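The values are calculated or read from the model by the stated rules, or taken from the named source; none is laboratory data. Values in this document were obtained by computation on a predicted structure and should not be read as measured data. All Cβ positions, glycine included, derive from the backbone under ideal geometry; neighbour counts span all protein chains shown. Accessible surface is based on the protein model in full, side chains and every heavy atom, while ligands, DNA and RNA are left aside. Shrake-Rupley method; radii C 1.70, N 1.55, O 1.52, S 1.80 Å.
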Amino acid sequence: MTLNTQKVNEFVIKVLTAASVNETYKIIVETATQLFETPYCSIHIKVDDGFKRVYSTLPDEYQYSNRKQGYIYQAFKSKMPFMKSYREVIFYHPEIKNSKIKHIIYLPLSYKNDAIGTLTINTLKDKKLLKKDYDILLLFGALSSLAIRRAQSEEEMKGAVRLRDEFISLAAHELRTPLTAIYGYAQLLHKRFAHVNSQELGWINELYSQTFRLTYIVNELLEVTRISSSRQKFLLQKCNLPLIVENVVKRYRIMDPKRKYILNIKLQEGEGIMIGDNEKINQLVAHLIDNADKFSLDDTEIEVALVLSKNNIELHVINTGDKMTNKDFSRFFERFYKGENNEGRGIGLGLYLAENIVINHKGKIALKDIGNNKIDVVVSFPKFSTFSKVITP
């Protein structure tokens, strides 16, 4: 019997694209049955002090229980494949007496010192294995072991991410109600004492600013869970982009009077009209300004500009800082990425959420190094006049 190395190569390609552990099991068994031209194959995974048959093509009448010190255990322990004739196993497994099984190959699923189980292949042909066959078996067993480990790790990671997202969603929802009340009272205090020059006004401004930031973070977390669960909604209508930008900049000037915000709108009346979700665009501008503030040096300006570029409206948010490295540029739109040298505030969601909003408005976003330690975040939106149909996010 000589095994087909081409089948092993095809197996590698298939198993790398497997979406789950069960799909990986299926591909391993299907490949083994093709290699040995037999319909019968089973995967046994080590659990506690025994083995669990996790996938099998054996008919029910040929299924047998695993002995604690049986051949499956021996293959697992020795990490070496071997073959037994049905005469050698029939004493322990009389259920295969009337089957057409001639030999059972016991193949350890192991790579180096890591063994996870045993693959049993029930052949119908009375042929011996050649040395080359054993070499290919060892390779196939190692590849199968790695494939199973990869699939298990991915499922564990997905489970951990799912639990994390569920926790974040629950925590954010629980925080939102009390924060809404606190923020509302902070706004009232700020309005009432806005024209009073006293020490208390400084405390109120700080309360207002920090409550806003905490509310902002909670809303970020809620938005992430909506994206993950595909529950994000966009109410599309005509938007006045310059007005939205002006209001957001005004809010940041109140919250952070020490920082200088330059607003530069180079649009004629009516040129800043676009199709979009007012609330989401408002969030987008806030994300970009907040990100610029986070990566700016103290006492430097943040410029927010609106310009026309062909058939697009471009929003530029420019800051000066030394906290961003070249490696950051390729990763800044990743979820929860904060930058290599950034130990300040924020949880690394601003640009991730900004990109999501831009994409759902058929726009583009990019980071540009424009020299003199200045970083320009450029968002490009289609003008209202260029739309031929309503956007469908």
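Considering segment 114-163 alone, what residues qualify as being in a helix (DSSP H, G or I), open to solvent by less than 20 Å² (accessible area, probe 1.4 Å) and of a type in the set (Ser, Thr, Tyr)?
Selection gives Ser144, Ser145.
When you scan segment 289-304, do you find a residue that is in a strand (DSSP E or B) and open to solvent by 30 Å² or more (accessible area, probe 1.4 Å), even just one?
First pass over segment 289-304, keeping only residues in a strand (DSSP E or B): 302-304.
Narrowing further to those that are open to solvent by 30 Å² or more (accessible area, probe 1.4 Å): 303.
Yes, segment 289-304 contains a residue that is in a strand (DSSP E or B) and open to solvent by 30 Å² or more (accessible area, probe 1.4 Å).
Can you tell which of Ile27, Ile13 is part of a helix (DSSP H, G or I) and surrounded by fewer than 13 Cβ atoms within 10 Å (Cβ to Cβ)?
Numbers: Ile27 fails: surrounded by fewer than 13 Cβ atoms within 10 Å (Cβ to Cβ).
Step by step, each of Ile27, Ile13 is checked, and only Ile13 is part of a helix (DSSP H, G or I) and surrounded by fewer than 13 Cβ atoms within 10 Å (Cβ to Cβ).
Filter segment 242-280 down to the residues that are at pLDDT 90 or above, open to solvent by 30 Å² or more (accessible area, probe 1.4 Å), among the aliphatic types (A, V, I, L, M) and assigned to a helix (DSSP H, G or I) and list them by number.
Listed by number, the list holds a single entry, Leu243.
Just one of Val21, Val8 is open to solvent by less than 20 Å² (accessible area, probe 1.4 Å) and either under 15 Å from Ala142 (Cα atoms) or touching a Pro at 6+ places or on another chain (Cβ under 7 Å) (or both); which is it?
Being open to solvent by less than 20 Å² (accessible area, probe 1.4 Å) and either under 15 Å from Ala142 (Cα atoms) or touching a Pro at 6+ places or on another chain (Cβ under 7 Å) (or both) holds for just one of Val21, Val8, which is Val8.
Among the residues that make up segment 173-186, is at least one of them of a type outside the set (S, T, N, Q), open to solvent by less than 90 Å² (accessible area, probe 1.4 Å) and at pLDDT 90 or above?
no
Which numbered condition in (1) over 23 Å from Leu236 (Cα atoms); (2) modelled with pLDDT of 90 or more; (3) open to solvent by less than 10 Å² (accessible area, probe 1.4 Å) is the only one that Val285 fails?
Condition not satisfied by Val285: (1).
Pick from segment 33-46 the residues that are more than 18 Å from Tyr86 (Cβ to Cβ) and modelled with pLDDT under 90: which of them is surrounded by the most Cβ atoms within 10 Å (Cβ to Cβ)?
Within segment 33-46, the match that is surrounded by the most Cβ atoms within 10 Å (Cβ to Cβ) is Leu35.
Listed residues Tyr111, Tyr86, Tyr71; which is open to solvent by 10 Å² or more (accessible area, probe 1.4 Å) and either over 47 Å from the mean Cα position of the chain (by Cα) or at pLDDT below 85 (or both)? Outline the logic, then answer.
Numbers: Tyr111 fails: either over 47 Å from the mean Cα position of the chain (by Cα) or at pLDDT below 85 (or both); Tyr71 fails: either over 47 Å from the mean Cα position of the chain (by Cα) or at pLDDT below 85 (or both).
Result of the check over Tyr111, Tyr86, Tyr71: Tyr86.
Please pick out the residue among Leu207, Leu221, Leu189, Leu214 that is over 21 Å from Val379 (Cβ atoms), aliphatic (A, V, I, L, M), open to solvent by 60 Å² or more (accessible area, probe 1.4 Å) and under 28 Å from the mean Cα position of the chain (by Cα). Break it down stepwise before answering.
Numbers: Leu207 fails: under 28 Å from the mean Cα position of the chain (by Cα); Leu221 fails: open to solvent by 60 Å² or more (accessible area, probe 1.4 Å); Leu189 fails: under 28 Å from the mean Cα position of the chain (by Cα).
Answer to the check: Leu214.
Please verify whether segment 94-113 includes one or more residues that are under 19 Å from Asn9 (Cα atoms), without any contact (Cβ under 8 Å) to a residue 60 or more places away in the chain and outside any strand (DSSP E or B).
No - not one qualifying residue is present in segment 94-113.
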